[in-house]
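The values are calculated or read from the model by the stated rules, or taken from the named source; none is laboratory data. Every value quoted in this text rests on a predicted model; they were computed, and no experiment measured them. Quick reminder, even Gly has a Cβ in these numbers, built from the backbone with ideal geometry, and neighbours come from all protein chains shown.
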Amino acid sequence: MEPDEAIHLKNRHRFAIAYRVAGTAVGLALVVLAVATSSWANGWIIALFGFVTVGGALTYHLLTSMTLCPKCRADMTNFRISFEETKRKLFHCARCGVSAYLTEGFYWQRDVAG
C-alpha cells in the first residue's frame, strides 16, 4: 500500500486533540491558581507545574507515536520526529502491510525537533 493510500487514524487524531486541549487547560489552570494565590514560592506548585508540562509532553509524544493497525489490530509504532517537509506521521504494519497516518501532534513534534 502506497503512502498516498494510507488510512487516516481519525479516532487517534481526535483523542490526541482532546488530550492536548485538556493538558493545556490543566496547565493554564495551574498558572492561574499559582498567580492568584501567590503560591509560586511553594516548591510543590512549581514541581506540579513541571510534572504536568514535562509529563504531558512525554505522554503526548507516546500517544502520537503508538497505535493499533486499523486492519489487523497489531501494534504499530513510529517514534521518529520527521523532517520539516513531511506532512504526516506514517505507521506501517509489519503483520499485514497496511500503512496508516496521523497528522495531529506531528507539527508540534517537528517544532521541538528544530
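Name the single residue that is surrounded by the most Cβ atoms within 10 Å (Cβ to Cβ) among those in the stretch 50-80 being of a type in the set (Lys, Arg) and more than 16 Å from residue 103 (Cβ to Cβ).
Just the residues of the stretch 50-80 that are of a type in the set (Lys, Arg), to begin with: 71, 73, 80.
From what is left, the residues that are more than 16 Å from residue 103 (Cβ to Cβ) are 71, 73.
Values: 71: 14, 73: 11.
Per the stated criteria, the residue is 71.
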I'm trying to understand the selection: among the residues of the stretch 81-111, which are modelled with pLDDT under 70, among the hydrophobic types (A, V, I, L, M, F, W, C) and surrounded by 17 or more Cβ atoms within 10 Å (Cβ to Cβ)? 106
Suppose we filter the stretch 1-49 for residues that are in contact (Cβ under 8 Å) with a residue 24 or more places away in the chain, over 22 Å from the mean Cα position of the chain (by Cα) and either surrounded by 14 or more Cβ atoms within 10 Å (Cβ to Cβ) or not in a loop (DSSP other than H, G, I, E, B) (or both); how many remain? 2
Log entry, pairs with first residue in the stretch 63-82 being over 18 Å from residue 17 (Cβ atoms), second being surrounded by fewer than 12 Cβ atoms within 10 Å (Cβ to Cβ), beta carbons closer than 6 Å, six or more apart or on different chains, reads 81/113
